[in-house]
Amino acid sequence: MAMLEVAALALLGCVVLMTLIVLEKDLLKVVAYSAVFSGLVLVTLYVLLAPDIILAYVAIATVLSTALLVYVIGKTGRYEVV
């Protein structure tokens, strides 16, 4: 499998995850989907040979935002009320 095919599959997975994120009512599941989404974006950036962007993205998007969102959800409510 060529590297561009891996990037294309990762981006297709991102589209599927974005649909799940929008439709989900459980906020902890949304955070988990968001973390997987970030991982797929990291795979895409790795394939596109962007190591400087990967280093910043791992620290901010994958680790910091996931931890902060889980903390905030713990302080508020787990389920979205519409």
>> Take VAL41 and tell me if it is surrounded by 15 or more Cβ atoms within 10 Å (Cβ to Cβ) and within 26 Å of VAL82 (Cβ to Cβ).
In response: no
>> Just to check your reading of the model, which residue among TYR46, TYR33, TYR57 is under 11 Å from the mean Cα position of the chain (by Cα) and either modelled with pLDDT under 90 or of a type in the set (D, E, K, R) (or both)?
In response: TYR57
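Being in contact with a Ser or Thr (Cβ under 8 Å, 6 or more places away or on another chain) and β-branched (Val, Ile, Thr) is the filter; apply it to segment 48-80 and report the residue that is farthest from VAL36 (Cα to Cα).
That would be THR66.
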> Given the structure, is VAL31 touching a helix residue (DSSP H, G or I) at 6+ places or on another chain (Cβ under 7 Å) and either under 23 Å from VAL70 (Cβ atoms) or assigned to a helix (DSSP H, G or I) (or both)?
Replying inline: yes
> Does ILE21 fit the bill of being aliphatic (A, V, I, L, M), modelled with pLDDT under 90, out of contact with any strand residue (DSSP E or B) (no Cβ under 9 Å at 6 or more places or on another chain) and part of a helix (DSSP H, G or I)?
Replying inline: no
> Mind checking which pairs have a first residue in segment 15-33 that is free of Cβ contacts under 8 Å to residues at least 24 places away in the same chain and among the aromatic types (Phe, Trp, Tyr) and a second that is surrounded by fewer than 17 Cβ atoms within 10 Å (Cβ to Cβ) and part of a helix (DSSP H, G or I), Cβ under 8 Å, 6 or more apart or different chains?
Replying inline: TYR33/LEU20; TYR33/ILE21
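The values are calculated or read from the model by the stated rules, or taken from the named source; none is laboratory data. What you are looking at is a predicted structure, and each value in this text was computed from that prediction instead of being measured. Here Cβ is always computed from backbone atoms with ideal geometry, including for glycine, and neighbour counts include all displayed protein chains.
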